[in-house]
Ligand code: MG
Ligand code: MG
C-alpha cells in the first residue's frame, strides 16, 4: 500500500533525511586509503545516535551493521569489516537513519585516493542518472517515468543496470511501497501524488549487470567483476514537483 504522508510526517522525514545527509558529510574526510570499512561504520553509528536517531539497517532482517559499505565489484549490502580501503578503490556507502519513527535513506559512491578515468565516468554518470530520475518526480507523473529516465540515461552512457534491486517508498518503514525500478516504460506504474516519499537509487556497472549473492547471504556482487556505483536520495513529491530530503 502506498501511503501519502501528512505535513507533520514530512517534517519528521525531513529531519531523518537531514541526519542521513549530515552523516555522509561527516564521513567524507575519513574515506581515505588505509581506513577499515568497519571504522566508517562505527563513526557513522556514533554520529547517527548522537543526533537522536538510530541506524535503520542494523538488525533489519538480520543485517548486522549500521551501514552497507560496498567496495568495487560489490554493488550493495556490503558488510563493514577489517578490509582496508586502498588507493584506486570506489566505495558505496548506504546510510539509513530513523528519527522519531521516520526514516531517511541515501547512498553515495566515493573515490578512494586517485581513481581511473573509467571509474570517474561510472561515478559521474550514475549520479547523473539519479538526477535524471529525480527530474521526473511531480504529481501526475508515474513511477515508470522515473524508471524510464534512468534507463534511457544509463543505456545512452553504456552502463549496465542492475535490475534485481529497486528503489522504494520511505516512511515509518525504511522500505515501503511502491517499488521504484531503474528501468521501465513511460506512463506505467503507480501515479505520483503530493505527499508520497520515495527513494530513487540507480545501481549501475561498467560491464555486465549480472549479479550473484555472496556466501554471507547479503552482499550483491557483479558476476563479471566489473565495478558498480550506487547513488540514492529520498525525495518527497511536492505540490509543484520534488524536494530532496537527503541532500541539497
Ligand atoms: Mg539506501
Ligand atoms: Mg534504499
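Every number in this text was worked out from the coordinates using simple rules, so none of it is lab data. Computed from a predicted model, the values in this text were never measured in an experiment. Don't worry about glycine lacking a Cβ; one is built from the backbone with ideal geometry, like all the others, and counts go over all protein chains shown.
Seen from a random direction on average, the alpha-carbon convex hull of the stretch 182-248 projects onto 6.6 square nanometres.
Thinking of the stretch 23-138 as a set of Cα atoms, what percent of all their pairs are more than 19 Å apart? The answer is 47 percent, as a whole percent. Among 171, 140, 189, which one shows the biggest mean-square fluctuation in a GNM of the chain, springs joining Cα atoms closer than 10 Å? Highest fluctuation of the listed residues: 140. Site pair residue 138 and residue 179 shows an inter-label distance of 2.8 nm when each label is modelled 7 Å from Cα along Cα→Cβ.
Convex hull of alpha carbon positions in the stretch 6-56: directionally averaged projected area 3.7 nm². Only helical runs count toward this figure. For the chain, summing -39,500 (n - 2.57) over DSSP H runs of n ≥ 4 and dividing by all residues gives -9000 deg cm²/dmol at 222 nm. Once the C-beta distance of residue 172 and residue 116 is scaled by a Förster radius of 35 Å, the resulting FRET efficiency is 0.25 to the nearest 0.05.
Label separation (residue 240 vs residue 28): 2.7 nm, computed from points 7 Å beyond Cα along the C-beta direction.
Given in Å, the Rg to one decimal and the Dmax to the nearest whole number for the Cα atoms of the stretch 111-248 are 15.0, 46.
A protection proxy built from the mean count of other Cβ atoms within 10 Å ranks the segments 99-107, 17-25, most packed first, as 99-107, 17-25.
Just to confirm my numbers, what's the Cα centroid distance between the stretch 167-207 and the stretch 1-19 in Å? Here the answer is 16 Å between Cα centres. Stokes-Einstein diffusion of the chain at 20 °C, 1.002 mPa s viscosity, Kirkwood radius from Cα pairs, rounded to a whole number: 121 µm²/s.
In the stretch 123-184, the alpha-carbon atoms span a convex hull of 88 Å³ per residue. With a Förster radius of 22 Å applied to the beta-carbon distance between residue 216 and residue 86, the computed FRET efficiency rounds to 0.55.
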